[in-house]
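Right, one structure below, let's go through it.
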Amino acid sequence: MNYLKTGMLLVILTMLLVWIGGAVGGAQGASFAFIFALMLNFISYWYSDKIVLAMYGARELSESDAPALFDMVRDLAGRAGLPMPRLFLIPQETPNAFATGRNPQHACVAVTEGIVRLLDDEELRGVLAHELSHVKNRDMLIMSVTATIAGAITMIANFIRWAAIFGGFGGKGRSSDSNAFALLIMSIVAPIAALIVQLAISRTREYGADRSGAQIAGTPKGLASALGKLEQHNTRYPIAASPTTAHLFIVNPLHGNFLSALFRTHPPIEERIRRLLAIR
């Protein structure tokens, strides 16, 4: 059911992109918008992991750097039927983690220095199992496509907005003014709609990763306990995260203002913990 919902939301997002392109340039504009999104998807598929790791200054770990962490991930990857991912350390005290990579053969798991210090072994095991679940379910590919399409919509909408404001669509008279006003409204509404769909996909995938992560770890208790600790520390000491990559982290890294609460990238922690503890 989660995959069906995700697929439907991706279709809606793609249709929204084609619609906004068509509103600007008719059939030709719709085709251009679709091709543009495909190009961005190609770049995102091959290079998104390198980009996001560089954004947070992540350093690749060798087994001699963290033998216990490697042993834990190797055991969990084996239980999940996955190859051993590359491990990265983010120089941040705020406890958090994410997975990236275009497929299980090129997966990376990144953890902050703070999460390694904060969590006990069972809790850290639950977090790592959650991230490996994202890898196994290929959620990172889904989220890369989603973010790329949403980004394309935002870029096109920004162009439309400024063109409508400065009369860039040409023509004079009441009809032209009405068209410009309609395009201006669309340029505001479309990115918001795209963001809402993006967030819905992200939340759906988090619930799925919690459940399958608990199965990989062998118990939901470690992840449930870890989520409570991580939420508390990230609220007090939020990481310097980009909104475009916030959905990657295991808990929401953005806190402290109205918009971050309104457009939350993750389901409520209380509901995630409740669902985990209900697993039998």
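Within segment 181-280, considering only helices (runs of 4 or more DSSP H) that don't extend past its boundaries, which have at least 1 residues that are at pLDDT 80 or above and within 18 Å of SER133 (Cα to Cα)?
Per the criteria, 221-236, 269-277.
Yes or no: segment 147-167 includes at least one residue that is assigned to a helix (DSSP H, G or I), at pLDDT below 95, of a type in the set (Phe, Trp, Tyr) and farther than 23 Å from GLN215 by Cα.
Scanning segment 147-167 turns up at least one residue that is assigned to a helix (DSSP H, G or I), at pLDDT below 95, of a type in the set (Phe, Trp, Tyr) and farther than 23 Å from GLN215 by Cα.
Suppose the filter is over 29 Å from PRO191 (Cβ atoms) and either within 20 Å of the chain's Cα centre (by Cα) or at pLDDT below 80 (or both); does LEU87 pass it?
Yes, satisfied.
When segment 85-99 is examined, which residues are found to be β-branched (Val, Ile, Thr) and closer than 20 Å to GLU63 by Cβ?
Scanning segment 85-99 gives a single hit, ILE90.
On the basis of being modelled with pLDDT under 75 and among the acidic types (Asp, Glu), does ASP177 make the cut?
yes
Need a quick list: helices (runs of 4 or more DSSP H) entirely within segment 20-139 having at least 2 residues that are farther than 26 Å from ASN252 by Cβ.
By residue number, 67-80.
Picking from ARG138, ARG125, which residue would you name as being surrounded by fewer than 21 Cβ atoms within 10 Å (Cβ to Cβ) and of a type in the set (Lys, Arg)?
Being surrounded by fewer than 21 Cβ atoms within 10 Å (Cβ to Cβ) and of a type in the set (Lys, Arg) holds for just one of ARG138, ARG125, which is ARG138.
When you scan segment 67-117, how many residues do you find that are surrounded by 15 or more Cβ atoms within 10 Å (Cβ to Cβ), touching a residue at least 60 places away in the same chain (Cβ under 8 Å) and either within 20 Å of PRO238 (Cα to Cα) or among the hydroxyl-bearing types (Ser, Thr, Tyr) (or both)?
Residues meeting the conditions: 11.
So in segment 16-42, with the set limited to residues that are of a type in the set (Val, Ile, Thr) and free of Cβ contacts under 8 Å to residues at least 60 places away in the same chain, which one is farthest from ALA190 (Cα to Cα)?
ILE35
The values are calculated or read from the model by the stated rules, or taken from the named source; none is laboratory data. Since the structure is predicted, the reported quantities are computational estimates derived from the model, not experimental observations. Note that each Cβ is placed from the backbone with ideal geometry, even for glycine, and that neighbours are counted across all protein chains shown.
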